[in-house]
1. Answer yes if at least one residue in segment 106-115 is out of contact with any Ser or Thr (no Cβ under 6 Å at 6 or more places or on another chain), among the small types (Gly, Ala, Ser), free of Cβ contacts under 8 Å to residues at least 60 places away in the same chain and within 22 Å of ILE219 (Cα to Cα), and no otherwise.
2. How many residues are within 16 Å of the ligand (Cβ to nearest atom), of a type in the set (S, T, N, Q) and in a helix (DSSP H, G or I) when one looks only at segment 197-234?
3. Please go through (1) surrounded by 14 or more Cβ atoms within 10 Å (Cβ to Cβ); (2) at pLDDT 95 or above; (3) hydrophobic (A, V, I, L, M, F, W, C) for ALA181 and return the number of the only condition it doesn't satisfy.
4. When the residues of segment 82-106 are filtered to those that are modelled with pLDDT of 95 or more and in a loop (DSSP other than H, G, I, E, B), which remaining residue is surrounded by the fewest Cβ atoms within 10 Å (Cβ to Cβ)?
5. Could you identify the single residue in ASP194, ASP128 that is among the charged types (D, E, K, R), away from the ligand (no atom under 14 Å from the Cβ), within 14 Å of the chain's Cα centre (by Cα) and at pLDDT 95 or above?
6. Sort out which residues of segment 162-196 are assigned to a helix (DSSP H, G or I), in contact (Cβ under 8 Å) with a residue 12 or more places away in the chain and either β-branched (Val, Ile, Thr) or farther than 15 Å from ALA218 by Cα (or both), and write them in order of number.
7. Which residues, taken from segment 33-65, are part of a helix (DSSP H, G or I) and closer than 15 Å to GLY210 by Cα?
Amino acid sequence: MIDSSLQRRLSENWARVQEEIRDAALQAGRTPEDVVTIGVSKYVDAEVTAGLVAAGCEQLAESRPQQLWKKADSLALGDQVRWHLIGHLQRNKIRRLLTHQVVIQSVDSQRLLSAISDEASSAGQTVDVLLEVNISGDEAKTGLDVTEVRELIAEIADCPPEGVRVRGLMAMAGWGTDPAAAREQFAQTRMLRDQLTAQWDLALPELSMGMSGDFPAAIAEGATMVRIGSRLFEGIL
Ligand SMILES: *Cc1c(COP(=O)(O)O)cnc(C)c1O
């Protein structure tokens with residue numbers, strides 16, 4: 001257990017961020033419930049993560065598969081939380097990862113998607129995934145470039161892989177992007193999704209975009225999931 005002052009701080013941070021997310025949704029003329037907050041717990045240990053859940057967070061994300069399954073095992077919160085993987089996944093870690101209910105947001109290659117499909121279908125599971133798009137074109141950023149996303153969606157539309165449901169796109173603004181440029185990149189992500197949906201008659205409802213520094217812009221451009229880390233741990237890290 002964490003001490004009560006730490007818990008209070010986590011609860012205050014959570015409430016404040018929730019309020020800002022709500023305000024951003026209302027300002028964009030959207031329903032606040034349509035924006036899900038994913039708490040990025042990669043900065044903290046399992047105990048503090050449990051404190052975040054106690055504060056009200058029901059969706060958690062980790063960048064590293066090993067961290068995700070270690071925390072998920074030690075917290076043993078079952079259906080109380082949904083886990084999301086938001087960092088690179090090596091194919092040899094898929095099987096172990098799939099022992100937890102997990103949304104894989106960081107699908108960055110056709111090879112990875114097929115491997116997830118193989119593992120999931122042999123385990124009799126259906127896994128929700130997002131395609132990670134490198135919308136900024138930043139060399140240092142991970143993810144598929146826009147052309148690769150188009151190619152991959154065309155393939156999926158033609159021949160849907162077993163055991164996976166591609167639910168949408170995940171994107172990050174480029175390093176050092178100012179708020180206006182970040183918003184432009186989020187708009188491009190949404191337009192890409194809209195084009196793909198229209199072209200292939202596919203449902204791609206999820207747009208995972210927006211982090212501590214830029215979530216209001218992402219919500220204004222249609223984010224359905226925001227991934228918030230540092231803001232939740234202010235005064236703690
Ligand atoms: C770390 C991380 C986040 C959270 O970033 P903050 O700026 O701390 O909110 C979101 N998305 C991804 C992919 C990350 O790696």
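The values are calculated or read from the model by the stated rules, or taken from the named source; none is laboratory data. Just so you know, these numbers come straight off a predicted model, no measurement behind them. Backbone-built Cβ (ideal geometry, glycine too); neighbour counts: all protein chains shown.
1. No: segment 106-115 contains no residue that is out of contact with any Ser or Thr (no Cβ under 6 Å at 6 or more places or on another chain), among the small types (Gly, Ala, Ser), free of Cβ contacts under 8 Å to residues at least 60 places away in the same chain and within 22 Å of ILE219 (Cα to Cα).
2. So the count comes out to 1.
3. Among (1) surrounded by 14 or more Cβ atoms within 10 Å (Cβ to Cβ); (2) at pLDDT 95 or above; (3) hydrophobic (A, V, I, L, M, F, W, C), the lone unmet condition for ALA181 is (2).
4. Restricting attention to segment 82-106, the residues satisfying the condition of being modelled with pLDDT of 95 or more are 82-98, 102-106.
With in a loop (DSSP other than H, G, I, E, B) added as a condition, the list becomes 86-90, 98.
On the way: ILE86: 25, GLY87: 17, HIS88: 16, LEU89: 24, GLN90: 10, LEU98: 19.
Looking at residues that are modelled with pLDDT of 95 or more and in a loop (DSSP other than H, G, I, E, B), I get GLN90.
5. On the way: ASP194 fails: within 14 Å of the chain's Cα centre (by Cα).
Going through ASP194, ASP128 in turn, just one is among the charged types (D, E, K, R), away from the ligand (no atom under 14 Å from the Cβ), within 14 Å of the chain's Cα centre (by Cα) and at pLDDT 95 or above: ASP128.
6. THR189, LEU196
7. Answer for segment 33-65, where residues must be part of a helix (DSSP H, G or I) and closer than 15 Å to GLY210 by Cα: just ASP34.
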